[in-house]
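Here the structure comes first, spelled out in C-alpha cells, and everything after it is commentary.
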Amino acid sequence: MANYTLYYWPLPFRGQFIRAVLAHAGATWDEPGVDAITDAMSKDIADQPVPFMAPPLLTDHDAGVSLAQMPAVLSYLGTKLALIPQDPKLAALTHKIVADANDVLDEVTRFGGRSMWTREEWDAFTGDRLPRWAQIFEATGRAHGLNADSGHMLGTSEPGLADLVTATLWFTMTEKLQELSELVGANAPHVAALSQRIMSTDALAAMRDDTDARFGHAWCGGLIEASIREMLNEQ
Ligand SMILES: N[C@@H](CCC(=O)N[C@@H](CS)C(=O)NCC(=O)O)C(=O)O
C-alpha cells in the first residue's frame, strides 16, 4: 500500500506541489479517480476524512491523518519530512512562500475561474502584478544568496519546502504556458534557474514524466485555462 493517498483532479496545478514534495522525499502515493474526489467532496461533512470543501486532500496512512488546503498539507509534509528550517524566521518565510504561491495560482486563474480574462485585464496583470510576483520570489532568493547556478531560496544547504514550492510554481506554469517563460526569465532569472535545477533531479523528473503522461499539457484545466490560452494567442 502506498504511504499516502492524494485526492486531486487529473491536472498539475495545486496537486503538483504535493506531488513534488512527496516525490522529493521518496514517498509513495496513489491518486484515486475523479469519482472518488467528487464522492469525498459531496459526502456529509461528518463523514468526510477531514471536513473540507475542495481538493487537494491528502491522507497519510501511516499517521492516520487527512488534511485539505494546499498550504496546510504542505506545512504538514514540510514538518514531517524535515523540509522546513528550524529557525523561526526561515520557517515563517517558508510559509510565506507557500502563501505567495497560492496567491499567484488564484490570481492567474482569477480565483478558480470566477470570471474569464479580458484582453485589457490580462495585459494589465501580465504588465504589472505577475512580473511583481516573479520579482518578489527573485528578491527573496537573492536576499538569501541565491545565484544563477547555485543556492536556495532561504540559504539552506539542501533544498527545502521553499525551493520545492518555488520550483513547482514557476517551472510548471512556464512549462505548460510557455509564452510566460520570457516574463518569468526577465523578472526572476535566478528563480527560473533554481526551478530548472530542482525539477530536473531524478525524483522530480520521474514525477514530471508521470504527470506529463497522464495530464498532457494541461495546467489548471477548465474554462479558465482556455481563457488563459486565448490571451496567450494559443487559440
Ligand atoms: N484554498 C484552497 C483552494 C482549493 C480549490 O480551489 N480547489 C480547486 C482545485 S485547485 C477545486 O477543486 N475547486 C472546486 C470547488 O471549490 O468546488 C487550497 O489552497 O487548497
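Against the empirical 2.2 N^0.38 Å scaling, what ratio does the C-alpha Rg of the range 1-96 come to? The partial results should precede the final answer.
Details: Rg = 13.6 Å, N = 96, 2.2 N^0.38 = 12.5 Å.
Normalised Cα radius of gyration, the range 1-96: 1.09.
How would you rank 64-70, 125-131, highest first, on the average number of other Cβ atoms within 10 Å across their residues?
Values: 64-70: 17.3, 125-131: 14.9.
The packing order, highest mean first, is 64-70, 125-131.
Place +1 on the Cβ of every Lys and Arg and -1 on the Cβ of every Asp and Glu in the range 122-235, take the dipole about the Cα centre, and give the residue among ALA205, ALA188, THR174 whose Cα lies farthest towards its positive end.
Positive-most Cα among the choices belongs to ALA188.
Checking the a/c ratio against 1.5 first, then a/b against b/c, what shape does the Cα gyration tensor give for the range 52-176? Write out the running numbers ahead of the final one.
Details: a/c = 2.46, a/b = 1.18, b/c = 2.09.
Verdict is oblate for the range 52-176.
Can you give the % of DSSP beta bridges in the chain that are antiparallel, to the nearest 5? Mind dumping the intermediate values first?
Numbers: 8 of 10 bridges.
If we restrict to bridges inside the chain, about 80 percent are antiparallel.
From the backbone phi of the range 55-71, what are the Karplus-calculated ³J(HN,Hα) couplings (6.51 cos²θ - 1.76 cosθ + 1.60, θ = phi - 60°) in whole Hz, Gly and Pro given as x?
For the range 55-71, the Karplus curve yields x, x, 10, 10, 10, 9, 5, 4, 8, x, 10, 10, 9, 10, 6, 3, x Hz.
Work out Dmax and Rg for the chain from the C-alpha atoms and quote the Rg first, both in angstrom.
Values for the chain (Cα only, Rg and Dmax): 17.3, 50 Å.
Along Cα→Cβ, 7 Å out, is where each label goes; now give me the distance between the ones at LYS96 and ARG214 in nm to one decimal.
3.4 nm
In what sequence, highest mean first, do 155-165, 178-188, 52-62 appear when ranked by Cβ atoms within 10 angstrom?
On the way: 155-165: 21.7, 178-188: 16.5, 52-62: 18.5.
Packing order, densest peptide first, comes out as 155-165, 52-62, 178-188.
Can you pull the Kirkwood radius for the range 114-212, inverse mean 1/r over Cα pairs, to one decimal in Å?
14.1 Å
Cβ under 12 Å from GLN135's Cβ, GLN135 left aside: what net charge do those residues give with Lys, Arg +1 and Asp, Glu -1? Walk me through the numbers on the way to the answer.
On the way: positive: ARG129, ARG132, ARG142; negative: ASP100, ASP128, GLU138.
Once positives and negatives cancel, what remains is 0.
Kindly provide the helix-only [θ] at 222 nm of the chain, computed as the sum of -39,500 (n - 2.57) over DSSP H runs of four or more divided by all residues, to the nearest 500 deg cm²/dmol?
Working: 12 runs with 135 residues, N = 235.
About -17500 deg cm²/dmol.
Using a/c under 1.5 as the rounded threshold, could you call the range 186-234 rounded, prolate or oblate? The axes a ≥ b ≥ c are square roots of the C-alpha gyration tensor eigenvalues, and prolate needs a/b larger than b/c, oblate otherwise. If you can, show how the numbers build up before the last one.
On the way: a/c = 3.67, a/b = 1.30, b/c = 2.83.
Here the range 186-234 falls in the oblate category.
Highest first, please rank the peptides 137-146, 225-234 by the mean number of other Cβ atoms sitting within 10 Å of their residues. Numbers along the way, then the final one.
Numbers: 137-146: 18.8, 225-234: 16.3.
Order by mean packing, descending: 137-146, 225-234.
Where a number appears in this text, it was derived from the coordinates with a stated rule and is not lab data. Note that this is a predicted model, so its numbers are computed, not measured. A quick note on method: Cβ atoms are made from the backbone with ideal geometry, for glycine too, and the neighbour counts reach across all protein chains shown.
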